[in-house]
1. In square angstrom, what is the accessible area per residue of the chain with a 1.4 angstrom probe?
2. Using DSSP to call loops (not H, G, I, E or B), can you name the trypsin sites (Lys or Arg not before Pro) in the stretch 73-128 whose Cβ has at most 12 other Cβ atoms within 10 angstrom?
3. By a straight-distance test (C-alpha under 12 Å), which aspartates and glutamates pair with residue 32 as possible cross-link partners, with residues fewer than eight away in the same chain excluded?
4. Show me, for the stretch 106-117, the HN-Hα J-couplings you get by feeding each phi into the Karplus relation (A = 6.51, B = -1.76, C = 1.60, θ = phi - 60°), rounded to Hz, glycine and proline as x.
5. Spin-label point model (7 Å from Cα, Cβ direction): what's the residue 67 to residue 44 distance in nm?
6. Using +1 at the Cβ of each Lys and Arg and -1 at the Cβ of each Asp and Glu in the chain, identify which of 51, 69, 9 lies farthest towards the dipole's positive end.
7. For a Förster distance of 30 Å, can you work out the FRET efficiency between the beta-carbons of residue 25 and residue 101, rounded to the nearest 0.05?
8. Taking the Cα centre of the chain as origin, work out the dipole magnitude from +1 charges on Lys and Arg Cβ and -1 charges on Asp and Glu Cβ, in debye rounded to 20.
Amino acid sequence: QVQLVESGGGLVQPGGSLRLSCAASGFSLAYKSVGWFRQAPGKEREGVSCVSAGENATYYENSVKGRFTISRDNAKNTVYLQMNSLKPEDTAVYYCAADPVYPSTIQTMCLHTRWGIWGRGTQVTVSS
């Protein structure tokens, strides 16, 4: 089956770090654009970081820029989101998504949620 599985979420104190993993099964992420999205209670799902197919261009939402890093490990068919200096407002369910589109601008793609394949999410809670 074609699927994405997120892992690495949990409870962390403000200022702490987590690394989320998005592992693909049944297909390769090497030639896919991959995005990390989050949805907090009462809010719409938003793109937080995406990496494009082809050029591996990256995009970060303004509030996470400088704190989060998206990366690929093609040997493990996994995309990671390293999250540092976490804040309570980062609390959300984090989802990864993949799409075969080679976008002209990864930012544009990361600003919508019309992606082909989605994981089921992993909870990140930042609280003291």
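The values are calculated or read from the model by the stated rules, or taken from the named source; none is laboratory data. In this text, all values refer to a predicted model and were calculated from it rather than measured experimentally. We place every Cβ from the backbone using ideal geometry, glycine too, and count neighbours over all the protein chains shown. The protein model used for the area step is the full one, side chains on, heavy atoms only, and it has no ligands, DNA or RNA in it. Shrake-Rupley method; radii C 1.70, N 1.55, O 1.52, S 1.80 Å.
1. Numbers: 6670 Å² over 128 residues.
It amounts to 52 Å² per residue over the chain.
2. 114, 120
3. Straight-line reach from residue 32, under 12 Å: 55, 99.
4. Per residue, the Karplus-derived 3J(HN,Hα) values read 5, 4, 4, 5, 6, 8, 10, 10, 8, 10, x, 10 Hz.
5. Output for this residue pair reads 2.2 nm.
6. Value: 9.
7. Numbers: r = 20 Å, r/R0 = 0.68.
With R0 = 30 Å, the Cβ-Cβ based efficiency is 0.90.
8. Numbers: 12 positive and 9 negative charges, 22 e Å.
Computed charge dipole of the chain: roughly 100 debye.
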